[in-house]
Amino acid sequence: MVYLLIIISAIFVNNIVFSQFLGICPFLGVSKKIDTAAGMGAAVTFVLTLATVVTYLLQHFVLIPFHVEFLQTILFILVIAALVQMIEIVLKKISPSLYQALGVFLPLITTNCCILGVAILVGDGTWAGKVPGAEANLLQGTIYAFATAVGFAVALILFAGIREQLAMNKIPKAMQGTPIALLTAGLLAMAFMGFSGVV
Amino acid sequence: MSKALNTFTNGLLRENPTFGLVLGMCPTLATTTSAINGMSMGLATLFVLVCSNVVISLLRNLIPDKVHIPAYIVVIASFVTMVQLLMQAYLPAIYETLGLFIPLIVVNCIVLGRAEAFAAKNNAGLSALDGLGMGLGFTLSLTVLGAVRELLGSGMCFNMPVFPENYGMLIFVLAPGAFIALAYLMALIQKLMKK
């Protein structure tokens, strides 16, 4: 039951883009077409889940035992950067077709703040405060990270669908480009507010 | 002299990180619930930006080209950790509100972007000015956005009441208001810049 709560909370109620403001850059940058949005969403899901597991283990078996928690930021960002590189190399070798689909997005992911953000939230265990009954252990943290990434993909694909339609409409000159995209995101965020109180 | 002035005003106006380059959107939207919060986030970023620009500029001939991105990230992350510890010690209340977004300065595209685009090619003095200009530009936009949201959302400006008590459109303090306020501010600036 608690797993279901975590998943619903992470995808809808506390959606990473619309209520936590993480990963806005790729959200605005690669959302002009549904195909690319889906590719980016898949790449983020893959990297975020892996990165969270690795950083959680580092936090609990290296940082905390040696009392060097203040090195968290430096260690996590380096591990994430290295991990993204490794995933790129491994994918190229093992599954060229998957690499073809995700390859272009992988380098962009290092500076995607939702990866580092979620890694820190799960490492510190602060995420569990938002879901009643959740415990900040590895299994639940990983599920939370995976669901958060799915929430990111959902937001990205929804937004891309709207933007594809928007491209065909006439928009006032001052609103063209980023302003209209932000306004659309604002309305979507308002819609997602409807989920608050579900969990 | 004019080059120095140009470097400084570039980030402040022409290439303003938020309204011109549209970089660093996450902290811009997340931390501007009030003018003070926006300003503190801007100043924290300003500090990291100036320090990392200077250090990277001094090290630019020592860092091998192949590993320059990881090296820059380590420099930036060190300064971010410094800000984090300093704020925790001296400004615990603000550190609490900004929370996660202080460590996330590391992945703010402005910082790495300026290191790569400016500090790696110019001397330390100019890089410091560039960091200062960009940082102040960022602080300015965050403060303006924060002030607008605070005024509309709770009828206050820098924590001082402007409108009567029960005034306030709560939505502007919440998530959707961030997107909407920034959208209209950006449209306004696009309109003014054209003329």
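The values are calculated or read from the model by the stated rules, or taken from the named source; none is laboratory data. Since this is a predicted model, take the numbers as computed values, not measurements. With ideal geometry, Cβ positions are generated from the backbone for all residues, glycine too; neighbour counts draw on all protein chains shown.
Points to keep in mind about this one:
- Among the residues of region B:55-86, those identified as crowded, with 19+ Cβ neighbours inside 10 Å and among the aliphatic types (A, V, I, L, M) are B:55, B:56, B:73, B:75, B:76, B:77, B:80, B:83.
- Filtered by the rule that a residue be in contact with a Ser or Thr (Cβ under 7 Å, 6 or more places away or on another chain) and either of a type in the set (Asp, Glu) or surrounded by 24 or more Cβ atoms within 10 Å (Cβ to Cβ) (or both), region A:143-155 gives A:145, A:149.
- Residues being under 13 Å from the mean Cα position of the chain (by Cα) and either modelled with pLDDT of 90 or more or closer than 24 Å to residue B:32 by Cβ (or both) - total across region A:13-43: 14
- Scanning region B:81-124 for residues that are in a loop (DSSP other than H, G, I, E, B), at pLDDT 90 or above and within 21 Å of residue A:113 (Cα to Cα) yields a single hit, B:102.
- Residues of region A:49-105 classified as within 20 Å of residue B:67 (Cβ to Cβ), within 14 Å of chain B (Cβ to nearest Cβ) and of a type in the set (A, V, I, L, M), total: 12
- Scanning region A:147-195 for residues that are of a type in the set (D, E, K, R) and not in a loop (DSSP other than H, G, I, E, B) gives A:163, A:164, A:173.
- Number of residues in region A:107-142 that are crowded, with 19+ Cβ neighbours inside 10 Å and either among the polar types (S, T, N, Q) or assigned to a helix (DSSP H, G or I) (or both): the value is 19.
- Summed over region A:21-41, the residues that are touching a residue at least 60 places away in the same chain (Cβ under 8 Å), assigned to a loop (DSSP other than H, G, I, E, B) and buried (at least 23 other Cβ atoms within 10 Å of the Cβ) give a count of 3.
Residues checked against (1) over 21 Å from residue A:186 (Cβ atoms); (2) under 24 Å from the mean Cα position of the chain (by Cα); (3) aromatic (Phe, Trp, Tyr):
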site: B:151; (1), (2), (3): no, yes, no
site: B:158; (1), (2), (3): yes, yes, yes
site: B:165; (1), (2), (3): yes, no, no
site: B:176; (1), (2), (3): no, yes, no
site: B:180; (1), (2), (3): no, yes, no
site: B:189; (1), (2), (3): no, yes, no
site: B:194; (1), (2), (3): yes, no, no
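- Pair list, Cβ under 9 Å, 6 or more apart: region B:156-180 residue more than 7 Å from every other protein chain (Cβ to nearest Cβ), other residue in a helix (DSSP H, G or I) and exposed (fewer than 14 other Cβ atoms within 10 Å of the Cβ): B:177/B:170
- Members of region B:45-70 found to be away from every other protein chain (no Cβ under 14 Å), in contact (Cβ under 8 Å) with a residue 24 or more places away in the chain and more than 27 Å from residue B:95 (Cα to Cα), listed by number: B:57, B:58, B:60
- Test: residue in region B:139-150 that is within 13 Å of chain A (Cβ to nearest Cβ), out of contact with any strand residue (DSSP E or B) (no Cβ under 9 Å at 6 or more places or on another chain) and modelled with pLDDT under 90: no
- Count of region A:159-195 residues which are closer than 16 Å to residue A:15 by Cβ, within 7 Å of another protein chain (Cβ to nearest Cβ) and not hydrophobic (A, V, I, L, M, F, W, C): 1
- Among residues of region A:27-48, those that are away from chain B (no Cβ under 14 Å), β-branched (Val, Ile, Thr), in contact with a helix residue (DSSP H, G or I) (Cβ under 7 Å, 6 or more places away or on another chain) and more than 17 Å from residue A:11 (Cα to Cα), counted: 1
- Filtering region A:155-199 to residues that are charged (D, E, K, R) and either more than 22 Å from residue A:40 (Cβ to Cβ) or in contact with a Phe, Trp or Tyr (Cβ under 6 Å, 6 or more places away or on another chain) (or both) leaves A:170, A:173.
- Restricting region A:156-177 to residues that are in contact (Cβ under 8 Å) with a residue 60 or more places away in the chain and charged (D, E, K, R) leaves a set whose member that is surrounded by the most Cβ atoms within 10 Å (Cβ to Cβ) is A:163.
- Within this structure, residue A:7 passes the test of being under 20 Å from residue A:150 (Cα atoms), out of contact with any His (no Cβ under 9 Å at 6 or more places or on another chain) and modelled with pLDDT of 90 or more.
- Yes/no for residue B:119 being aliphatic (A, V, I, L, M) and more than 28 Å from residue A:120 (Cα to Cα): yes
- For first residues located in region B:7-36 and closer than 20 Å to residue B:101 by Cβ, partners that are of a type in the set (D, E, K, R) and not in a helix (DSSP H, G or I) and lie 6+ apart or on another chain with Cβ distances below 7 Å form the pairs B:21/B:15.
- Screening residue A:84 with (1) farther than 17 Å from residue A:121 by Cα; (2) touching a Ser or Thr at 6+ places or on another chain (Cβ under 6 Å); (3) not in a helix (DSSP H, G or I) gives one miss only, at (3).
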